[in-house]
Each structure stands twice: as structure tokens, then as C-alpha cells.
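Right, one structure below, let's go through it.
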Amino acid sequence: MTTYSNPRMHAQFDDWPSGRHRVTAIFAIEQSNRGERALRITSNPKTGKFNKPKKTTYAVKARIVDGEDGKTYIANLTQYGHISFMESNLQYSAESVHPEQPGYADALELFMEHPK
């Protein structure tokens, strides 16, 4: 299992790769009565305006985290009790950790800290 750290509710990257361009990317955790979900907003390299946000599905809790590989991930505590780590493109799952697996307690700690 990859080690994750720095759980937070908001992150901004001013040099985010987008095709052959570098843009501004903003990650945020949206909270509602349905739970929490991540969204990513990128700037249009031609106009500088922000594009429509990309959103994940709702989870019980969600956090923006850093992987030991230097990449940004979205951690979701699902309604089924396992923790899913999604790549920053918000399309692919990087890995899932279930309660009976080693490392679950460490991953659960990501949601217990007071995020920034």
C-alpha cells in the first residue's frame, strides 16, 4: 500500500499539467447532507477562465492527500466502510483498503485529523 499524508479540504496548484499546457488546478471537498465529494476546477489555457468543475460521487468523507510518489490523490471513506484512493484525474481508482487489511487504521487516520 502507498503511504498517504497531508489530508486537506482545499488545494491549489498553479503549474498543473494539462496536455501540453500548464494551468491552474483547484481541488476542493464539497460538503452536503449527502456526504462529501471532491471537485477539480482547471483554468482554460487560452482564456485563463476556469472550466466547469469535475466532481466525484459522494462518500461519507473525502480528503485531498499526497502520495509518497509525489502525486495528489482523493481519499474517500465509502458508505461500505472501505477507503478508496482515486487518482487526481478523478477517473481512475489507484487502490482500495478494506478494514481487514493491514494499513487500514493508518488510512482511516487521514479522516480523523482536522484538515486545512
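What number, in percent, do you get for the relative contact order of region 20-83 if the mean sequence gap of Cα pairs under 8 Å and at least 6 apart is divided by its residue count?
This gives 25 percent for region 20-83.
Can you give the Kirkwood hydrodynamic radius of region 54-116 from its Cα pairs, in Å with one decimal?
Result for region 54-116 stands at 12.0 Å.
If you roll a 1.4 Å probe over region 1-78 with all protein chains in place, what percent of the accessible area is carbon or sulfur?
46
Enter the accessible area per residue of the chain (Å², integer; probe 1.4 Å; all protein chains in place).
62
Read phi for every residue in region 74-90 and hand back ³J(HN,Hα) as whole Hz from Karplus 6.51 cos²θ - 1.76 cosθ + 1.60, θ = phi - 60°, with x for Gly and Pro.
So the J values, rounded to whole Hz, are 10, 9, 10, 8, 7, 5, 8, x, 8, 10, 10, 10, 10, 5, 5, 6, 6.
Per-residue HN-Hα couplings for region 37-42, Karplus 6.51 cos²θ - 1.76 cosθ + 1.60 at θ = phi - 60°, whole Hz, x for Gly and Pro?
My calculation for region 37-42 gives 8, 8, 9, 10, 10, 10 Hz in order.
Given the -39500 (n - 2.57) contribution per DSSP H run of 4+ residues, what per-residue ellipticity at 222 nm results for the chain, rounded to the nearest 500 deg cm²/dmol?
That calculation yields -1000 deg cm²/dmol at 222 nm.
With an 8 Å cut-off on Cα pairs and a minimum separation of 6 or more residues, tell me the relative contact order of the chain in percent.
Value for the chain: 22 percent.
The values are calculated or read from the model by the stated rules, or taken from the named source; none is laboratory data. Please read these numbers as outputs of a predicted model, since none were measured by experiment. These area figures cover heavy atoms from the full protein model, side chains too; ligands, DNA and RNA do not enter into them. Shrake-Rupley method; radii C 1.70, N 1.55, O 1.52, S 1.80 Å.
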